[in-house]
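To start, the structure under review is shown below, and the notes come after it.
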Amino acid sequence: MTAGPRTALALFSGGLDSILACRVIMAQGIRVKAVKFVTPFFGYERLANEADYRREILDRYNIDLVLRDLSEPFLKMLREPVYGYGKNFNPCLDCKIMIVATARAMLAELGASFIISGEVVGQRPMSQRLDTLRVVERDSGCDGLLLRPLCAAKLKQTRPEEQGWVDRQRLPFFSGRNRTPQIELAAKLGITDYPTPGGGCILTDPNRADRIRRYYAEHAEVRGSDIRLLLVGRQFILPGGSWLVLGRDQRENETLAALHQPGDLLLDMEDWPGPMGIIRNYRGAEDLATAAGLLRYFSRKGEGRESARVMLLAGGGQDVEEIPPRPEVAEEVWRAWQR
């Protein structure tokens, strides 16, 4: 095999398979530039601390990484994916095609000759079958350019293999859902600190996917800021039509404060532990009073809660009138959101 100063562009999810794909290609003397694509449904939180995340991946795995935000085209595609949805609202095949096509467009930018991914034949029922792997290559325009080093022996040879840049015989051969071979290879490579399987795309979660599906059905225009808010906390449509979101813990309270947009109302309880709330699409004082009651209702139980004041921190500038907790209102609006 003739070695050369080649660079591979790696599709990096952050999971063990993508880590291994990078490392086995690096072991053949090829530079790897990894790209982590993010949307509101996977990886978006990394954008807030991109430099730290890149440093972490470099320190842990010796992988050079960049982030790329795909939110806008992804949200457009999600309304009507060519290949439809999985079990929930997950357009896995269309998502993979978009990611690979975007990576192909980045090859010149990153000085790369081909693309690698951590896909394994048979690991995922929708997007990692032999036939769907082929669809991804075809529809992304990546015939011959997309090498899947963890299962290459079961697939047609790619240009990097035909040109002698990559030695197929030195690549592992994995298939199916059994993770033991990957774990054993990680140990051989000295990789011990990697994420456990699970998590991943929010659109595979039934509850949150149903929220997104309803949002798409009810809105002609999809806003990324709305989608991000939909993925946090307890969700309510108030009787007047306002949209209220309550944090369920301190982390979600901080997230809500960061998601606040001009025109939103931001509510918090004075001197009492409990949820923070955002009202979006505000429809009037009655909804504001209901929201204040819901903050009280979902606050920490204990003596003194009934007299804790709900404060309007942004969007109004005045204190909210004290509203007695009304459990029946909470139940009513919760049912309305779950319809």
Can you give the extra length, in nm with one decimal, that the chain gains between residue 60 and residue 223 once fully stretched, where that is 0.36 nm per residue apart less the Cα-Cα distance? 55.1 nm
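Could you work out the percent of alpha carbon pairs in the range 7-188 separated by over 27 Å, rounded to a whole number?
On the way: 3747 of 16471 pairs.
Result for the distance tail: 23 percent.
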Note down the nm distance, to one decimal, between modelled labels 7 Å out along Cα→Cβ at residue 131 and at residue 27. 3.4
Test of understanding: ordering 212, 237 by Cβ neighbours within 10 Å, fewest first, what list do you get? 237, 212
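Hey, can you rank 263-276, 146-159 by average C-beta count inside 10 Å, highest first? Present the calculation step by step, with values, prior to reporting the outcome.
Numbers: 263-276: 18.1, 146-159: 20.7.
Order by mean packing, descending: 146-159, 263-276.
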Net lengthening on full extension, residue 101/residue 162 (0.36 nm per residue, minus Cα-Cα): 19.8 nm
Working note, the chain: Cα radius of gyration (Å, one decimal) and Dmax (Å, whole number) are 24.0, 77
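We did not get these values from a lab; they are worked out from the coordinates using the rules stated. Not measured: the values here are computed from a predicted model. Methodologically, a virtual Cβ is constructed for each residue, glycine included, from the backbone with ideal geometry; neighbour enumeration extends over all protein chains shown.
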